[in-house]
Amino acid sequence: QVQLVESGGGLVQPGGSLRLSCSPSGSIFNIKTMGWYRQAPGKQRELVAIITTFGSTNYADSVKGRFAISRDNAKNTVYLQMNSLKPEDTAVYYCNYKNIGDYDYWGQGTQVTVSS
């Protein structure tokens, strides 16, 4: 079964930057959207950013102007550049791929901790 593999998480000071990457372990066809979600302790998982096949993007209000999502269609890879990180960005970040049949693929998650 194909899985998504995230990388790039870690510990960073407030105001710092991190870049997350996500790639599938095998072939996935007909991807409609790629996105990033996050879940902080005691909170529900929330959408952070999403990008369509055509490059249209959408962001949570809390990250607009600080985060940027991009994708490499040839590699089926999605990235999340996170700048000006805040302590409230601390969470486990999950990547998600949705195909044209609305089937969801999820990664195992990568921890992002913003703390001084």
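The values are calculated or read from the model by the stated rules, or taken from the named source; none is laboratory data. Computed from a predicted structure; not experimentally measured. We place every Cβ from the backbone using ideal geometry, glycine too, and count neighbours over all the protein chains shown. For the accessible areas, the whole protein counts, side chains as well, though only heavy atoms, and no ligand, DNA or RNA atoms are used. Shrake-Rupley method; radii C 1.70, N 1.55, O 1.52, S 1.80 Å.
What single numbered condition from (1) surrounded by 14 or more Cβ atoms within 10 Å (Cβ to Cβ); (2) in contact (Cβ under 8 Å) with a residue 12 or more places away in the chain fails to hold for Ser115?
(1)
Tell me, which residue of segment 48-62 that is touching a Gly at 6+ places or on another chain (Cβ under 9 Å) and without any contact (Cβ under 8 Å) to a residue 12 or more places away in the chain is nearest to Glu88 (Cα to Cα)?
Among those residues, the one meeting the criterion is Tyr59.
Has segment 86-100 got at least one residue that is part of a loop (DSSP other than H, G, I, E, B) and farther than 17 Å from Arg19 by Cα?
yes
Hey, does segment 64-72 have a residue that's part of a loop (DSSP other than H, G, I, E, B) and modelled with pLDDT under 95?
So far as segment 64-72 goes, no, none of its residues is part of a loop (DSSP other than H, G, I, E, B) and modelled with pLDDT under 95.
Please determine, by comparing only the residues of segment 86-101 that are charged (D, E, K, R) and within 14 Å of the chain's Cα centre (by Cα), which one is surrounded by the fewest Cβ atoms within 10 Å (Cβ to Cβ). Before the answer, list the steps.
Applying the first criterion (charged (D, E, K, R)) to segment 86-101 yields 86, 88-89, 98.
With within 14 Å of the chain's Cα centre (by Cα) added as a condition, the list becomes 89, 98.
Working: Asp89: 22, Lys98: 17.
If we take residues in segment 86-101 being charged (D, E, K, R) and within 14 Å of the chain's Cα centre (by Cα), then Lys98 is surrounded by the fewest Cβ atoms within 10 Å (Cβ to Cβ).
Can you confirm whether segment 23-42 contains a residue that is open to solvent by 30 Å² or more (accessible area, probe 1.4 Å), in contact with a helix residue (DSSP H, G or I) (Cβ under 8 Å, 6 or more places away or on another chain) and not acidic (Asp, Glu)?
Looking through segment 23-42, none of the residues is open to solvent by 30 Å² or more (accessible area, probe 1.4 Å), in contact with a helix residue (DSSP H, G or I) (Cβ under 8 Å, 6 or more places away or on another chain) and not acidic (Asp, Glu).
Taking segment 63-85 as the region of interest, how many residues are surrounded by fewer than 13 Cβ atoms within 10 Å (Cβ to Cβ) and either within 17 Å of Arg38 (Cα to Cα) or in contact (Cβ under 8 Å) with a residue 60 or more places away in the chain (or both)?
Residues that pass the stated criteria total 1.
Listed residues Leu20, Leu11; which is in contact (Cβ under 8 Å) with a residue 24 or more places away in the chain and open to solvent by 60 Å² or more (accessible area, probe 1.4 Å)?
Only one candidate passes the filter, namely Leu11.
Among the residues of segment 102-111, what is the count of those that are more than 13 Å from the chain's Cα centre (by Cα) and either crowded, with 21+ Cβ neighbours inside 10 Å or closer than 18 Å to Arg71 by Cα (or both)?
1
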